[in-house]
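Enquirer: Would you mind keeping the following structure in view while I ask a few things?
Please treat every number below as a calculation from the coordinates, not as lab data. On a predicted model such as this, the values are computed, not experimentally measured, just so you know. Because the Cβ atoms are built from the backbone with ideal geometry, glycine has one as well, and the counts that use them run over all protein chains shown.
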Amino acid sequence: MADSKRAATEGRRERKRRQTRERIEQAAMSLFLQRGFEATTVEDITEAADVSKRSFFDYFPSKEEVVFAWQDSFADRLMAAIAARPAEEPLVTVVEAAITATVIASIDERGLALAELIHRTPALRARDQLKYARVEQKLAEALLLRKGNDPQERLRMRILAAIVIGALRVGAELWQQRPPGAAPQDFAKEIFAELWRILAEFGDEAKARL
């Protein structure tokens, strides 16, 4: 349904560019997973995708950026998931439900293989940490849309987003050590339960000092 709607609204030029970008991404990902990131060159990718080297750089400044292209849409999907939650829902419920749904939707066979590739490639692992800043910013923006553009709310939503994305970062690292057969939804539930428990404990300690 979403694909047909997009096809109806984009023009021929936009559709061709999208298809070329997707072809480059697919070719690159296949090569990275088959040969390894370091062993794959830009020339290998352009040959597999049947595009020129110039065309490759029109879409991606480096082969590292191809790896992270699939991550760039995570923040936008998270914003959409938050916007779709009921207006009367408490923020903690909104955050937990939206992030859990977005993460689970992003976990497939290729996504897991790519995460493993990033984990074992130092150059990619360093770049991988930068994505959290974008996700944190987008999360704060999405939450603020629900709360109104009040200066005090901006501060509160930025702090909440920073705390939640910090937990997401830790969860992503712990997921790499998961036991075989671990269910992502159970893992996410465990991480959020621990997060809310810690915040409640610190909140009680802070009140006691006031």
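Enquirer: Figure the gain on full extension for GLN177 and ALA193 (residue separation times 0.36 nm, minus the Cα-Cα span) and round it to one decimal in nm.
Expert: Full extension from GLN177 to ALA193 adds 3.9 nm.
Enquirer: A follow-up question, please. Let me have the relative contact order for the chain, percent, based on Cα pairs under 8 Å that are six or more residues apart.
Expert: 16
Enquirer: Whole number please: convex hull volume per residue of the Cα set in the stretch 68-210, in Å³?
Expert: Enclosed volume per residue, from the Cα hull, is 130 Å³.
Enquirer: Towards the positive end of the charge dipole of the chain, with charges on Cβ (+1 Lys, Arg; -1 Asp, Glu), say which of LEU91, ALA140, THR102 has the farthest Cα.
Expert: So the residue we want is ALA140.
Enquirer: Now, a different point. Which of the aspartates and glutamates could a cross-linker span from LYS53 if the Cα-Cα distance has to be under 16 Å and same-chain partners fewer than 8 positions apart are dropped?
Expert: GLU22, GLU25, GLU43, ASP44, GLU64, GLU65
Enquirer: On to the next question. Using a simple spin-label model with points 7 Å from Cα along the Cα→Cβ vector, what separation in nm is obtained for ALA126 and LYS16?
Expert: 3.9
Enquirer: Once both labels are modelled 7 Å past Cα along the beta-carbon direction, what's the VAL92-GLN26 spacing in nm?
Expert: With each label point 7 Å from Cα toward Cβ, the separation is 4.5 nm.
Enquirer: Something else now. Report, in debye and to the nearest 20, how large the dipole of the chain comes out about its Cα centre when Lys and Arg carry +1 and Asp and Glu carry -1 on their Cβ.
Expert: That gives a dipole near 620 debye.
Enquirer: Then there's this: If you filter the stretch 119-210 for trypsin sites (Lys or Arg not before Pro), then keep DSSP loop positions with at most 16 other Cβ within 10 Å, what is left?
Expert: Sparse-neighbourhood loop trypsin sites (Lys or Arg not before Pro): ARG120.
Enquirer: Continuing with the same structure: I'd like the FRET efficiency for ALA83 and ALA48, computed as 1/(1 + (r/R0)^6) with the beta carbon distance as r and R0 of 30 Å, rounded to 0.05.
Expert: My answer for the efficiency is 0.20.
Enquirer: Suppose the chain between GLU153 and LEU112 were pulled fully straight at 0.36 nm per residue; how much longer would it get relative to their current alpha carbon spacing?
Expert: Difference between extended and current length: 11.2 nm.
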